[in-house]
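For reference, the structure discussed in these notes is given below.
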Amino acid sequence: MRYIYLLIILVLFSCNEDKKQVVVYTTVDQVFSEPVLKDFEKETGIKVKAVFDTEETKSTGVVNRIIAEKNNPHCNVFWSGDPLRAVFLKQKDLTLGFDCKEAGDIDDVFKDKDGHWYGFSARARVLIYNKDLLKDEDVPESVLDLTKEKYRGKFAIANPLFGTTTFHFAALFMTMGDEKAKEYMKKLKENNVVIATSNGDVKKRVANGELWLGLTDTDDANEALKEGAHIGIVFTDQDGMGDLIIPNTLSIIKGTKNLDVAKQLVKYLISKDTERKLAYSCAQMPLHKNVKVPPEVPSLDKIKPMNIDYEATAKKLESIQNYLKKWVESP
Amino acid sequence: MGRKSLIYYSYKILVFLFIVFVILPLLYTLGQALFESGASSLLKQVFSYEALILLAKSIFMSLTVAVLSVIIALFLAFALYKTNLYAGRIIRLILLLPLFVPPYIYAVAYKDIFNAFLGNLQGGYAMIAVIFLLVIIYVPLALIIIGGALSNTGIEYEEVAWLFTSKRKTIIKILLPLIKPAVFSAFVLVFIFSISEYSIPVFFGVRVYTTEIFTQFSAFYNHSLAVYQSFLLVIICFVLLYYEHRYIAEAPFLSMGNKGLRIKKYNLGRFSFFVYSSVVFWLVLTVILPVAVLLRQVLMNTGIFMKAIHLMGKAIANSISLSMVAALVIVFMAFVIAYYNERHEKNRRYFDNLLLVVFAIPSIIFGISLIKFYNTSLLDFIYSGSMILIIAYTGKFLFIAVKLASNSLKQIPFSYEEASLMAGAGFLKTLRSIILPLMMPVLFLIFLLAFIFSMSEISLTLMVYPLGMELMPVKVFTIMANAPDSLNAAMSLISFGVVFIALMVLYLIYNKVFEKARYRI
């Protein structure tokens, strides 16, 4: 009989939800996101259980897990490296609208109008080039320059079906219009664009001299510089359509059991202090005003951004995905 | 309890548990996909011209990998198991290294080598690179199977043959036919593994059927289409297995263990140099070179090794304990199922087919099935704990385990058990004193394989690992996303090292514990 009591106690104990924990799924690289989450743990005493994404699954593993778990969500907070996944989850009715006063001084363009996601700490799409292989005068200033003959077979982009490259191309379609964008992509193929597996792969290939140029994100470019690569960075189209700015985003998953704790984590992550840490660790640009950053991190005030609506861009992506797939697969 | 009732009830319980824990989730996912709206248009996409071309491409790739793997494994197996090659036993163990490692890590290591010598791989060259890597990774699997069969061919056949013919003809006309079933089994297994593999083709940008499934799943979030496409793969694997069943039928000469038989070793004579050079060349190509590439990256940044160990410490402990539990469960289930199958043939194929279905299904689909089924408030205790991983690994790898155990049991004549029972020993005593000792080398090898596969399985682990649990492959791959090359290399080397050391320890324990029975591998 005593064993039955013990069993009941154990079952009750294991069923008793530990309210002092929060579950976060993130597509932001673990090397950058984990230290921030550990700081949150230390400062608040709230245990963080994190699920990170991998190079292999290309920022889609955690999103698929959230979708599969929709009937019984485990994730409280989704921290995405771009707004696309956040918008996608909103469209699938998997996120909760909530009020976040801490995002008050962040521009409205970096927030969802219904409060389903809030942007912070942004990256930008950049062209990186190998300084040993390309003279300054030959460095392109626009992504459109990649169709020029002199760069034939010497530049790379990551697979546009995954990650921030998807977002970039969707933004190009929004800005240029379908016809011009398709023409541009056709010319990229004719110019023998190299399709790398990821932004990290682009960075590596340019850094080791295999290629002259590549489209990647500012955090990858920054990592290359930290590793001693002799590369330069260009914020593209500053005289034209502008450069794509990609904020991190925070969403709360619908049906989350720990709403208060989830909001506490969101409040922490969206704070100026977190933006400062991400600026120092991976050169991400704060969206709050007056955040201290290292000298090599540019201010958003000095970069002309692409003028896009993130939600509309995410919807655009759905309509061009089959085209992008055919483009990738074409010879 | 008599033999029949003990094994019968054990078998029934295990089959029931397998169906409930593993098959039901798959049926649930398939059912959802089948009955959702738009199912007919999904079917059209699965059987579209483009999809079938991709499937043909995958089949071609996997056939090439399987043929090459078996040819190379045949050569290596003969050199390492049937000759007095110097340090053959140690080389055999070292050559297993590619099995320990997730294919993706091999792709990363070799990419630098390819770039250095061949430049940027595109088109047909990329496909050659993919085939090359898959061969490297799966030759050890074929080597274990073929080598085991070679170990098991008794000396009597060869000695009789030598009375009448040359050694060369003995090999061609006696030895090779004897191990033909093992060769075919190795071929089938390598084919199934390589047709289901997607991380290497994705890495090199080679489009095959599994990359299409991955794209539908990961870029389009079209789970239903991915599920449909997966079942086409399963059908192909079924067809192959059917022919394997027909071809090897009752062939008794397929095993993975040496049950104390004397093995005839051939003297290489004037071929010694050639054979030894070839074996060493393969060792350099598949083990030394990738390890050297990784070591070079690590040595460029002193102190990175300690950082990697610090990062991975907890993950290593979790992975080892979890993989051991999974391996034990797999061995136990494999033994019971194989024993029942071999002694009660009529029911054999149905459960074998179920095991094959789960084995052939891509890991990401299997993972999604497990999430959808177990992620409910009622079954959350399974989903949120280690049990989900035990279920996942058991489902995924039981097929191979049962196959190997079955093949080993074929070689134990039933008359041994009958004699024991007639002498008055009960079933349990017969099991303990006759059957298990004879099967021990195979059971140990099944344990090793299950352990290795569980430690290095990545796709399935990523989908279902419990929140907050650190596991070795997950840690390596999540940090890899933007860590310096030296850290990635250090973590990869630690992964190799951990699995290798664990295997060496297990091997030493095994040889010590079973020393008296003289069943050495």
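Values quoted throughout were computed directly from the atomic coordinates according to the rules given, and no laboratory measurement underlies them. Owing to the predicted nature of the structure, the values given are computational and were not obtained by experimental measurement. Here Cβ is always computed from backbone atoms with ideal geometry, including for glycine, and neighbour counts include all displayed protein chains.
General remarks:
- Looking at the protein assembly as shown alone, DSSP beta bridges between its own residues are antiparallel in about 60 percent of cases.
- Fully extending the segment from B:Tyr49 to B:Tyr416, taken as 0.36 nm per residue of separation minus the present Cα-Cα distance, adds 126.6 nm.
- Note on B:Leu436 and B:Tyr28: with the Förster distance fixed at 51 Å, the Cβ-Cβ geometry gives a FRET efficiency of about 0.85.
- Cross-link table A:Lys49/A:Lys113; A:Lys189/A:Lys302; A:Lys182/A:Lys304; B:Lys57/B:Lys410, entries beyond 27 Å C-alpha to C-alpha: A:Lys49/A:Lys113; A:Lys189/A:Lys302; B:Lys57/B:Lys410
- Between the stretch B:143-214 and the stretch A:242-288, the C-alpha centres lie 54 angstrom from each other.
- Approximating the spin labels as points 7 Å out from Cα along Cα→Cβ, the A:Glu179-to-B:Phe16 distance works out to 6.9 nm.
- C-alpha center-to-center spacing [the stretch A:83-129, the stretch A:67-82] in angstrom: 15 Å
- Amide H within-cut-off set for A:Met306, under 5 Å, with H built and near neighbours excluded: A:Asp243, A:Leu244, A:Ile245
- Residues B:Arg343 and A:Glu318, FRET efficiency given R0 of 60 Å [Cβ-Cβ distance, rounded to 0.05]: 0.60
- Under 18 Å from the B:Ile235 label point (7 Å along Cα→beta-carbon), backbone N, the stretch B:53-81: B:53-60
- Phi to ³J(HN,Hα) by Karplus 6.51 cos²θ - 1.76 cosθ + 1.60 over the stretch A:143-149, Hz, x for Gly, Pro: 5, 5, 5, 5, 7, 6, 4
- Paramagnetic reach from B:Lys57 in the stretch A:295-331 [backbone N under 11 Å; point 7 Å along Cα→Cβ]: A:329-331
- B:Tyr266 long-range amide H proximity, modeled H, under 5 Å: B:Thr83, B:Asn84
- Between B:Tyr157 and B:Tyr350, the contour length at 0.36 nm per residue exceeds the alpha carbon distance by 66.0 nm.
- Longest exposed-site-free window of chain B, the sites being trypsin sites (Lys or Arg not before Pro) in a DSSP loop that have at most 12 other C-beta atoms within 10 Å: B:1-261
- Computed from label points 7 Å out along Cα-Cβ, the spacing between B:Leu299 and A:Glu43 is 4.4 nm.
- Two-site FRET efficiency, A:Lys186 against A:Glu149, from Cβ-Cβ distance with R₀ of 22 Å, rounded to 0.05: 0.90
- The longest part of chain B holding none of the exposed loop GluC sites (Glu not before Pro), meaning those outside H, G, I, E and B in DSSP with at most 15 other Cβ atoms within 10 Å, is B:251-514.
- Distance from the stretch B:379-437 to the stretch A:161-195 (C-alpha centre basis), Å: 56 Å
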